[in-house]
Amino acid sequence: MAGRLLLRLAVVLHRTVAGRDAAERLQARRNRAIRAAYRRGVPVEVLAERMRLTPSWIRQVLAGKKPPAVEEAA
(Lines give C-alpha, C1' and ligand atoms only; values in the text may rest on other atoms or scores of the structure.)
Protein backbone atom coordinates (compact mmCIF):
# COMPACT_ATOMS: atom_id res chain seq x y z
CA MET A 1 0.00 0.00 0.00
CA ALA A 2 2.74 2.47 0.97
CA GLY A 3 4.65 1.61 -2.21
CA ARG A 4 1.67 2.48 -4.41
CA LEU A 5 1.17 5.75 -2.57
CA LEU A 6 4.83 6.64 -3.05
CA LEU A 7 4.54 5.74 -6.73
CA ARG A 8 1.58 8.10 -7.11
CA LEU A 9 3.56 10.84 -5.41
CA ALA A 10 6.50 10.23 -7.75
CA VAL A 11 4.21 10.41 -10.79
CA VAL A 12 2.66 13.69 -9.64
CA LEU A 13 6.06 15.21 -8.94
CA HIS A 14 7.40 14.04 -12.27
CA ARG A 15 4.50 15.56 -14.16
CA THR A 16 4.71 18.87 -12.34
CA VAL A 17 8.46 19.49 -12.51
CA ALA A 18 9.62 17.54 -15.57
CA GLY A 19 8.96 18.12 -19.22
CA ARG A 20 8.73 21.08 -21.54
CA ASP A 21 5.22 22.12 -20.52
CA ALA A 22 6.11 22.18 -16.84
CA ALA A 23 9.28 24.16 -17.52
CA GLU A 24 7.28 26.70 -19.53
CA ARG A 25 4.72 27.03 -16.72
CA LEU A 26 7.47 27.62 -14.17
CA GLN A 27 9.15 30.19 -16.41
CA ALA A 28 5.83 31.98 -16.97
CA ARG A 29 5.23 32.05 -13.21
CA ARG A 30 8.73 33.44 -12.66
CA ASN A 31 8.18 36.11 -15.32
CA ARG A 32 4.89 37.15 -13.68
CA ALA A 33 6.74 37.49 -10.36
CA ILE A 34 9.41 39.64 -12.02
CA ARG A 35 6.74 41.93 -13.52
CA ALA A 36 4.92 42.17 -10.19
CA ALA A 37 8.12 43.10 -8.35
CA TYR A 38 8.88 45.76 -10.95
CA ARG A 39 5.38 47.22 -10.66
CA ARG A 40 5.93 47.49 -6.91
CA GLY A 41 9.07 49.56 -7.31
CA VAL A 42 11.99 47.14 -7.64
CA PRO A 43 14.42 48.61 -10.23
CA VAL A 44 15.58 46.63 -13.26
CA GLU A 45 19.18 46.60 -12.04
CA VAL A 46 18.20 45.00 -8.72
CA LEU A 47 16.00 42.42 -10.47
CA ALA A 48 18.85 41.55 -12.83
CA GLU A 49 21.37 41.25 -10.00
CA ARG A 50 19.17 39.07 -7.83
CA MET A 51 18.03 36.85 -10.72
CA ARG A 52 21.60 36.70 -12.09
CA LEU A 53 20.39 37.79 -15.50
CA THR A 54 21.29 40.76 -17.65
CA PRO A 55 19.24 43.96 -17.43
CA SER A 56 18.39 43.60 -21.14
CA TRP A 57 16.85 40.19 -20.48
CA ILE A 58 14.80 41.60 -17.59
CA ARG A 59 13.60 44.41 -19.85
CA GLN A 60 12.46 41.82 -22.42
CA VAL A 61 10.44 40.06 -19.74
CA LEU A 62 8.94 43.36 -18.58
CA ALA A 63 7.96 44.20 -22.16
CA GLY A 64 6.19 40.86 -22.46
CA LYS A 65 8.47 39.60 -25.20
CA LYS A 66 9.38 35.95 -25.44
CA PRO A 67 12.78 35.53 -23.81
CA PRO A 68 15.67 34.10 -25.83
CA ALA A 69 16.07 30.33 -26.03
CA VAL A 70 19.25 30.54 -23.96
CA GLU A 71 19.07 32.74 -20.89
CA GLU A 72 21.87 35.20 -20.40
CA ALA A 73 23.80 35.07 -17.18
CA ALA A 74 24.90 38.34 -15.66
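Of the two radii for the chain, the radius of gyration is 1.17 times the Kirkwood radius, both from the alpha carbons; that is the Rg over Rh value. A 1.4 Å probe run over the protein chains yields, for the chain, 81 Å² of accessible area per residue, whole-number rounding. When the trypsin sites (Lys or Arg not before Pro) in the stretch 24-61 are filtered for DSSP coil states and for at most 15 other beta-carbon atoms within 10 Å of their beta-carbon, the remaining sites are Arg40, Arg52.
Over the stretch 23-67, what percent of the accessible surface lies on carbon and sulfur atoms, probe 1.4 Å? For the stretch 23-67, the apolar C and S fraction of the accessible surface comes to 52 percent.
The values are calculated or read from the model by the stated rules, or taken from the named source; none is laboratory data. Values in this document were obtained by computation on a predicted structure and should not be read as measured data. Every residue, glycine as well, gets a Cβ built from its backbone with ideal geometry; the counts of neighbours run over all protein chains shown. For accessibility, only protein heavy atoms count, side chains too; no ligands or nucleic acids. Shrake-Rupley method; radii C 1.70, N 1.55, O 1.52, S 1.80 Å.
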